[in-house]
1. If we scan the stretch 131-140, do we find a residue that is among the polar types (S, T, N, Q) and not in a strand (DSSP E or B)?
2. Within the stretch 141-180, work out how many residues are charged (D, E, K, R) and in a strand (DSSP E or B).
3. Does Ser178 qualify as being closer than 18 Å to Ser55 by Cα and open to solvent by less than 60 Å² (accessible area, probe 1.4 Å)?
4. Can you pull out the residues in the stretch 96-129 that are assigned to a helix (DSSP H, G or I) and within 18 Å of Lys152 (Cα to Cα)?
5. Return the residues of the stretch 42-56 that are outside any strand (DSSP E or B) and open to solvent by less than 10 Å² (accessible area, probe 1.4 Å); say none if nothing qualifies.
6. Please enumerate the residues belonging to the stretch 99-123 that are open to solvent by less than 20 Å² (accessible area, probe 1.4 Å) and either in contact (Cβ under 8 Å) with a residue 40 or more places away in the chain or closer than 18 Å to Val52 by Cβ (or both).
7. Among (1) out of contact with any strand residue (DSSP E or B) (no Cβ under 9 Å at 6 or more places or on another chain); (2) in contact (Cβ under 8 Å) with a residue 40 or more places away in the chain; (3) of a type outside the set (Phe, Trp, Tyr), there is one condition Ser178 misses while meeting the rest; what is its number?
8. If you go through the stretch 57-95 one residue at a time, how many are open to solvent by less than 60 Å² (accessible area, probe 1.4 Å), assigned to a strand (DSSP E or B) and not small (Gly, Ala, Ser)?
Amino acid sequence: RRLSMTTMLLAALALIPAATADTYVNEDKQFEVTIPTGWKHIVGENGMIDLVLSSPRFETTMGLCVLISREIAETRKDSQAKIDEEAAAQINDDFWRAVMADKNTKVTSVESKSDMRNGRRVHFGTVRVTSTVEGKEVNLQIDMVLHAMPGKAMMAQCGAELAQLDAEKADIQTIINSYN
């Protein structure tokens with residue numbers, strides 16, 4: 001399901017000029033992210049995806065990032081400390097494994113960590129998978145970041161083909177670390 005939506009978005013990305021290494025700000029969704037030089041972007045219009053970023057090397061590396069956010073009304077009145085405590089108990093290797101689970105994907109390794117940023121605990125996951133893309137098995141590394149805060153959660157997922165990861169690693173880290 002993720003891959004078919006991604007394929008549709010990639011067709012649209014071909015029409016958007018390459019971005020420079022600038023900060024992209026989305027006032028409506030209340031986030032910002034640095035888009036590396038040459039990466040194409042498309043703003044989500046369906047309410048499910050906020051932004052898709054595609055590497056200028058996508059054809060070789062499959063370098064792609066998807067940014068999403070969700071309103072969570074039931075946590076709107078919770079303190080950041082309460083959200084941080086509850087999230088710390090739930091966001092672990094098993095959480096990231098479940099995020100990536102689907103019928104076309106086999107998780108081969110998971111690493112998780114968290115860090116305090118801007119007064120909240122931010123969660124990071126690195127997952128390696130073997131996935132079937134257009135009938136072919138591909139080894140990918142997916143780096144993810146999750147921000148949980150009162151009334152809202154935001155996640156970025158950036159991935160590339162494992163054999164080509166060195167070409168994308170710096171740009172992916174720029175995106176993951178700047179998403180706020």
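1. The answer is no, given that none of the residues of the stretch 131-140 is among the polar types (S, T, N, Q) and not in a strand (DSSP E or B).
2. Qualifying residue count, the stretch 141-180: 3.
3. In short, yes.
4. The answer is Val99, and nothing else.
5. Asp50, Ser55
6. Residue satisfying the conditions is Met100 alone.
7. Among (1) out of contact with any strand residue (DSSP E or B) (no Cβ under 9 Å at 6 or more places or on another chain); (2) in contact (Cβ under 8 Å) with a residue 40 or more places away in the chain; (3) of a type outside the set (Phe, Trp, Tyr), Ser178 violates only (1).
8. Matching residues across the stretch 57-95 total 5.
The values are calculated or read from the model by the stated rules, or taken from the named source; none is laboratory data. Predicted, not measured: the structure shown is a model, and the values here were computed from it. Heads up, the Cβs are rebuilt from the backbone with ideal geometry, glycines too, and the neighbour counts pull from every protein chain shown. When the accessible area is computed, the model is the full protein with side chains, heavy atoms only, and any ligands, DNA or RNA have been set aside. Shrake-Rupley method; radii C 1.70, N 1.55, O 1.52, S 1.80 Å.
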